[in-house]
């Protein structure tokens, strides 16, 4: 097999820019997705079925439809509706955040439900409101149990950010496809992209494992 390293060297600056954007898209999706996911998860836990119903619908829709379809709809329909034009980066951030929020909401919900009900009752008996008890007692305990599944979701999000190339967001996979289109080569662009994605996910896995061990010892 004739593997051309000169092509990789030529595209190295573009691959670096694409990698940085991939990291940026992933961090934005993680940040917004976590905040939104917590709110949605708490909303689904509401005892009033009428109030919790919209949150259940949200989770069902975003977990039950392909991310590719979501990003195309948001890029070509939702973003232009608000801005008047398409924007690949904005569409990617919005889609990754909304999609991740649906999965993170279920992680938060499961983590909160895993805490013994006596914890909430004990906090309320001390005079705390429901919100105070949730913030000061339940969530700190649940967060330790949620680190592994949240970590897995963050890793998945990094890999799913590659779909941003479909809407011309110049992230890592976009430049891999550009390399393929210019030289009609397969191994060089896609194997290079795969290695970079692997390094990103391994780095995140290492950091999450360190965090999990640190939390476990506290």
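The values are calculated or read from the model by the stated rules, or taken from the named source; none is laboratory data. Everything numeric in this text was worked out from a predicted model, so none of it was measured. Positions of Cβ are generated from backbone atoms using ideal geometry, with glycine treated the same way; all protein chains shown enter the neighbour counts.
Those helices (runs of 4 or more DSSP H) of the stretch 49-92 in which at least 2 residues are in contact with a helix residue (DSSP H, G or I) (Cβ under 6 Å, 6 or more places away or on another chain) and more than 16 Å from residue 109 (Cβ to Cβ), considering only elements entirely within it, cover 67-73. Residue under question is residue 45, and the condition is that it be in contact (Cβ under 8 Å) with a residue 60 or more places away in the chain, over 23 Å from residue 156 (Cα atoms) and either surrounded by fewer than 18 Cβ atoms within 10 Å (Cβ to Cβ) or touching a strand residue (DSSP E or B) at 6+ places or on another chain (Cβ under 8 Å) (or both); does it hold? For residue 45, the condition - in contact (Cβ under 8 Å) with a residue 60 or more places away in the chain, over 23 Å from residue 156 (Cα atoms) and either surrounded by fewer than 18 Cβ atoms within 10 Å (Cβ to Cβ) or touching a strand residue (DSSP E or B) at 6+ places or on another chain (Cβ under 8 Å) (or both) - is met.
Can you report the number of residues in the stretch 156-169 which are in contact (Cβ under 8 Å) with a residue 60 or more places away in the chain and within 15 Å of residue 196 (Cα to Cα)? Lay out the reasoning, then the answer.
Within the stretch 156-169, the first condition is being in contact (Cβ under 8 Å) with a residue 60 or more places away in the chain, and the residues that meet it are 157-158, 160-164, 166-169.
Filter again for within 15 Å of residue 196 (Cα to Cα), leaving 157-158, 160-162.
Counting residues in the stretch 156-169 that are in contact (Cβ under 8 Å) with a residue 60 or more places away in the chain and within 15 Å of residue 196 (Cα to Cα) gives 5.
The helices (runs of 4 or more DSSP H) falling completely within the stretch 99-218 that include 2 or more residues that are crowded, with 18+ Cβ neighbours inside 10 Å map to 139-160, 172-183, 187-217. Residue 3 satisfies every condition listed in (1) surrounded by 12 or more Cβ atoms within 10 Å (Cβ to Cβ); (2) touching a residue at least 60 places away in the same chain (Cβ under 8 Å) except (1).
Pairs meeting the criteria (first residue in the stretch 128-150 and within 15 Å of residue 213 (Cβ to Cβ), second residue part of a helix (DSSP H, G or I) and at pLDDT 85 or above, beta carbons under 6 Å, at least 6 apart or on different chains) are 145/111; 147/212. Can you name every residue in the stretch 198-207 that is closer than 15 Å to residue 162 by Cα and without any contact (Cβ under 8 Å) to a residue 60 or more places away in the chain? Within the stretch 198-207, 198, 199, 201 qualify.
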